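Trainee: Shown below is the structure under consideration.
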Amino acid sequence: MQAQPTASHFIDGAYVEDAAGRPFESVHAATGETIARLHAATSGIVEAAMASAVRAQREWAAVAPAARARVLRRAAEIVRERNRALSELETLDTGKPIQETLVADAASGADALEWFAALAATIAGESVPLGRDFAYTRREPLGVCVGIGAWNYPTQIACWKAAPALACGNAMVFKPSEVTPLGALKLAEILIEAGAPNGLFNVVQGFGDVGAALATHADTAKVSLTGSVATGAKVYSAAAAGMRHVTMELGGKSPILVFDDASIEAAIGGAMLGNFYSAGQICSNGTRVFVQTGLLDRFLSRLTERTRAIRIGDPLDPDTQMGPLVSLAHREKVLGFVEAGRREGARLVAGGGVPKVQGYEKGAFVEPTVFADVTDDMTIAREEIFGPVMSVLSFETEEEAVARANATPFGLAAGVFTADIARAHRVAEALQAGICWINAYNLTPVEAPFGGVKRSGIGRENGRAAMDFYSQSKTIHVCLGGVDSPY
Ligand code: NAD
């Protein structure tokens, strides 16, 4: 099993290697096999990527928006044409099941390229009458934007950042997670094929130090990070020193509130999607499932039954519903949380262990796990686990559930399941989250803004909102009379 790229980095329209950089590997998490060997960027690579992006950005900003849109649209078409190959690569790089990567990864990246192509052509300013004078505004690009990715959705994250950045006339230097370096390189190839100028989207590999070098580079106008809250705090403060713009897409501990009158199958389906999709490695997951007491017993018994039926196995098998976690190291962390749940008195009702997957004994698999009788103070109810571990808590009243749901420093997402339309909207308004689903969970269409409040982040990806985070307003005041000066 091999997925070796031509070289580690993609700069100025071509693959580039610098063997002096720290070596690292991409490992297929289902088998433990090394699928690619790469080198982290040296300072020479970082400088080359930034210099080429500065050049490309000047050229690109002068391209008419409709022509920029054509490049992005063509890139979306190519991504769709190659969806199968891109999805297989994503499955090898991340361990996520092909059943998911075929529909959720490159496919959602193509949606972003297409949607922001459409928005590129709509960029406009406003005209401001001022009596005798007038002013007008221009929406201008920021310059070179740095994108730094997490490992759970490598291709989607690269597209969600590159598409609005490029639509607005910026260039991007993207650093994928060192755990999943491969998908972004394919996006770089595709953008060149689609007609983007060399250097408009460069990919440099590396660990946190490479991310930090990019985030603090003199030519960096903006940093967009998808990662943990701890990394976000570091990158945000590093960017602040240079007054750089930021978008921070960080972690969460999101609540799902299930009321007695909810459709039980829909609520369980939502809770499972919000805990087990991508083996639970999703930032917006609803890992605290608050169930009203009248529904609790039925909810738990049906949830347990449906959870035990999840098919775990080879992620390249189209029937597999759950693959391994991204790495053995990450599995250790997740199993540590499961152990903390047991120790602190939560009741394990499903999973909790390492499944036996015939022929994949070296894979980083964990069973989909459900804890009942979870209380707000337990570690598993407070910390982001980033694995397939659901905590079920019970509640009596709406006020109590909302207060407990909000009692967290995170605020990425939330869900409410109820048949009462007034309550659904009242609760959605009261929950402190950047996105709240009513009778659904984890839907992220490109048309709707996505991002967090509180410590889960700053800024928005997707939707029209993303355009505001990749452009800035300039006011041009036009004086039609003489200059009225007291001097
Ligand atoms: P991470 O924070 O460990 O790493 C994220 C990226 O930051 C990596 O590319 C890493 O190399 C880089 N990095 C690390 N230290 C850095 C530094 N000092 N300066 C610059 N870059 C640095 O996160 P991860 O483990 O890759 O991903 C999991 C986390 O990402 C979870 O907390 C998850 O919730 C979050 N996430 C958020 C979203 C979202 O949209 N809100 C989406 C996916 C993942």
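Read-outs: derived from the displayed coordinates by stated rules, not from any lab. Just so it is clear, the structure is predicted and the values come from calculations on it, not from any experiment. Please note: Cβ atoms are built from the backbone with ideal geometry, for glycine as well, and neighbour counts cover all protein chains shown.
Trainee: Are there any pairs with C-beta distances below 8 angstrom linking a residue in the stretch 234-249 that is part of a loop (DSSP other than H, G, I, E, B) to a residue that is of a type in the set (Lys, Arg), with the two at least 6 apart or on different chains, and if so which?
Mentor: Arg244/Lys222
Trainee: Quick one: how many residues across the stretch 159-203 are more than 11 Å from the ligand (Cβ to nearest atom) and either touching a strand residue (DSSP E or B) at 6+ places or on another chain (Cβ under 6 Å) or closer than 26 Å to Arg331 by Cα (or both)? Working first, answer last.
Mentor: As a first pass, look at the stretch 159-203 and keep what is more than 11 Å from the ligand (Cβ to nearest atom): 159, 162-173, 182-183, 185-203.
Filter once more, so that each one left must be either touching a strand residue (DSSP E or B) at 6+ places or on another chain (Cβ under 6 Å) or closer than 26 Å to Arg331 by Cα (or both): 162, 165, 168-173, 182-183, 185, 188, 191, 200-203.
Number satisfying all stated conditions: 17.
Trainee: Further question: When the stretch 279-328 is examined, which residues are found to be over 22 Å from Pro355 (Cβ atoms) and within 16 Å of the ligand (Cβ to nearest atom)?
Mentor: Result: Cys283, Ser284, Gly286, Arg288.
Trainee: Another question, then. Give the residue, chosen from Phe469, Phe410, that is buried (at least 21 other Cβ atoms within 10 Å of the Cβ), touching a strand residue (DSSP E or B) at 6+ places or on another chain (Cβ under 7 Å) and not basic (Lys, Arg). Break it down stepwise before answering.
Mentor: Numbers: Phe410 fails: touching a strand residue (DSSP E or B) at 6+ places or on another chain (Cβ under 7 Å).
Criteria check complete, one pass: Phe469.
Trainee: Sort out which residues of the stretch 218-233 are surrounded by fewer than 19 Cβ atoms within 10 Å (Cβ to Cβ), more than 7 Å from the ligand (Cβ to nearest atom) and outside any helix (DSSP H, G or I), and write them in order of number.
Mentor: Passing the criteria: Ala218, Asp219.
Trainee: If we scan the stretch 290-313, do we find a residue that is under 30 Å from Leu182 (Cβ atoms), in contact with a Ser or Thr (Cβ under 9 Å, 6 or more places away or on another chain) and surrounded by fewer than 17 Cβ atoms within 10 Å (Cβ to Cβ)? Walk me through how you get there before you give the answer.
Mentor: Here is the first cut: in the stretch 290-313, the ones under 30 Å from Leu182 (Cβ atoms) are 310-313.
From what is left, the residues that are in contact with a Ser or Thr (Cβ under 9 Å, 6 or more places away or on another chain) are 311-313.
Those still in the list that are surrounded by fewer than 17 Cβ atoms within 10 Å (Cβ to Cβ) too: 311.
Yes, there is a match, as at least one residue in the stretch 290-313 is under 30 Å from Leu182 (Cβ atoms), in contact with a Ser or Thr (Cβ under 9 Å, 6 or more places away or on another chain) and surrounded by fewer than 17 Cβ atoms within 10 Å (Cβ to Cβ).
Trainee: Further, regarding this structure: Mind listing just one residue for me: the one in the stretch 413-465 that is in a helix (DSSP H, G or I) and of a type in the set (Lys, Arg) and, of those, surrounded by the most Cβ atoms within 10 Å (Cβ to Cβ)? Even if it seems obvious, please write down each step before you answer.
Mentor: So the first thing to find is which residues in the stretch 413-465 are in a helix (DSSP H, G or I), and the list is 421-430, 454-456, 465.
Cutting the leftovers down to of a type in the set (Lys, Arg) gives us 423, 426, 454-455.
On the way: Arg423: 16, Arg426: 15, Lys454: 17, Arg455: 20.
If we take residues in the stretch 413-465 being in a helix (DSSP H, G or I) and of a type in the set (Lys, Arg), then Arg455 is surrounded by the most Cβ atoms within 10 Å (Cβ to Cβ).
Trainee: Here's a check for you: in the stretch 132-174, which residue that is part of a helix (DSSP H, G or I) and among the polar types (S, T, N, Q) is surrounded by the most Cβ atoms within 10 Å (Cβ to Cβ)? Spell out the reasoning first.
Mentor: Filtering the stretch 132-174 for residues part of a helix (DSSP H, G or I) gives 154-167.
Adding the requirement that they be among the polar types (S, T, N, Q) leaves 155-156.
Working: Thr155: 30, Gln156: 24.
Of everything passing the filter in the stretch 132-174, Thr155 is surrounded by the most Cβ atoms within 10 Å (Cβ to Cβ).
Trainee: Something else about it: Can you say whether Thr137 is away from the ligand (no atom under 16 Å from the Cβ) and polar (S, T, N, Q), as far as the supplied structure shows? Spell out how you get there, then give the answer.
Mentor: Working: away from the ligand (no atom under 16 Å from the Cβ): yes; polar (S, T, N, Q): yes.
Judged against the criteria, Thr137 is a match.
Trainee: In addition: Can you say whether Ala271 is part of a helix (DSSP H, G or I), more than 17 Å from Val366 (Cβ to Cβ) and not charged (D, E, K, R), as far as the supplied structure shows?
Mentor: Details: part of a helix (DSSP H, G or I): yes; more than 17 Å from Val366 (Cβ to Cβ): yes; not charged (D, E, K, R): yes.
When the stated conditions are applied, Ala271 passes them.
Trainee: What pairs come out if I take residues in the stretch 194-208 that are within 16 Å of His9 (Cα to Cα) and assigned to a loop (DSSP other than H, G, I, E, B) and pair them with residues that are away from the ligand (no atom under 11 Å from the Cβ) and acidic (Asp, Glu) whose C-beta lies under 7 Å away, six or more apart or interchain?
Mentor: Asn198/Asp12; Gly199/Asp12
Trainee: How many of the residues making up the stretch 246-278 are away from the ligand (no atom under 14 Å from the Cβ) and either under 18 Å from Pro449 (Cα atoms) or among the small types (Gly, Ala, Ser) (or both)?
Mentor: Taking the stretch 246-278 and keeping what is away from the ligand (no atom under 14 Å from the Cβ), we get 255-273, 276.
Within this subset, residues satisfying the condition of being either under 18 Å from Pro449 (Cα atoms) or among the small types (Gly, Ala, Ser) (or both) are 262-263, 266-267, 269-271.
Matching residues across the stretch 246-278 total 7.
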